[in-house]
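Report on the structure given below.
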Amino acid sequence: MRSTQRSLCAAMLCLQAVVLFLTGVVTIGMTDIGAGASLGLGLGLAMLCVLAAGLLRSPVGYGLGWLVQVVSIGLGFVVPVMFFVGVVFAVLWGTAYVLGVRIDQEKAERAVLEEEWRARHAPERGSEA
């Protein structure tokens with residue numbers, strides 16, 4: 001069974017990768033950081049998001065995902081609007097994380113109940129004919 005939590009969290013990280021890369025592009029000329037450093041920061045954070053999304057099969061990926069959220073909020077010290085954007089993404093990430101767990105649990109419970117129902121309602125093999 002495919003993990004809903006992993007799918008939701010990976011989608012959030014991929015969307016956040018685009019935003020963080022574009023943040024690096026936008027900061028060129030807006031801060032005292034040079035163009036190369038701005039692009040490097042944006043690209044590095046985007047790559048961290050993609051790496052975290054790729055590692056979501058293990059707990060390390062989720063840990064990196066939480067780290068990305070902290071760094072995104074901390075980026076607000078360089079680009080003040082990132083305090084807001086970082087918090088928005090952190091809330092979306094947390095929601096994907098928690099709801100994904102809940103959905104996966106409910107899917108597993110449903111699969112068990114469906115299997116029990118099939119076992120109770122399946123025609124007996126010897127009584128046909």
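Taking the stated definitions as given, is Ala108 without any contact (Cβ under 8 Å) to a residue 24 or more places away in the chain and either over 15 Å from Leu15 (Cα atoms) or not in a helix (DSSP H, G or I) (or both)? In short, no.
Going by the structure shown, is Ala52 of a type outside the set (Val, Ile, Thr), in contact with a Gly (Cβ under 7 Å, 6 or more places away or on another chain), more than 27 Å from Glu109 (Cα to Cα) and modelled with pLDDT of 95 or more? Taking the combined requirement at face value, the residue satisfies it.
Would you check if there is a residue in segment 65-83 being among the small types (Gly, Ala, Ser), in contact with a Cys (Cβ under 9 Å, 6 or more places away or on another chain), closer than 13 Å to Cys14 by Cα and in a helix (DSSP H, G or I)? Checking segment 65-83: at least one residue is among the small types (Gly, Ala, Ser), in contact with a Cys (Cβ under 9 Å, 6 or more places away or on another chain), closer than 13 Å to Cys14 by Cα and in a helix (DSSP H, G or I). Across segment 66-91, which residue is surrounded by the most Cβ atoms within 10 Å (Cβ to Cβ) among those that are in contact with a Phe, Trp or Tyr (Cβ under 7 Å, 6 or more places away or on another chain) and without any contact (Cβ under 8 Å) to a residue 40 or more places away in the chain? The residue in question is Gln69.
Per-residue answers, yes or no, for (1) under 19 Å from Ala90 (Cβ atoms); (2) under 10 Å from the mean Cα position of the chain (by Cα):
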| residue | (1), (2) |
| --- | --- |
| Gln5 | yes, yes |
| Ala11 | yes, yes |
| Val18 | yes, no |
| Leu22 | yes, no |
| Val25 | no, no |
| Gly29 | no, no |
| Asp32 | no, no |
| Leu48 | yes, no |
| Tyr62 | yes, yes |
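For segment 12-21, indicate whether the set of residues that are on the phi < 0 side of the Ramachandran plot and in contact with a Ser or Thr (Cβ under 6 Å, 6 or more places away or on another chain) is non-empty. No, because not a single residue in segment 12-21 is on the phi < 0 side of the Ramachandran plot and in contact with a Ser or Thr (Cβ under 6 Å, 6 or more places away or on another chain). Taking segment 23-41 as the range and being in a helix (DSSP H, G or I), over 11 Å from Val78 (Cβ atoms) and touching a helix residue (DSSP H, G or I) at 6+ places or on another chain (Cβ under 7 Å) as the test, the residues that pass are Val25, Leu39.
The values are calculated or read from the model by the stated rules, or taken from the named source; none is laboratory data. From a predicted model like this one, the values you see are computed outputs, not experimental measurements. Here the Cβ is made from the backbone with ideal geometry for all residues, glycine too, and neighbour counts use every protein chain on show.
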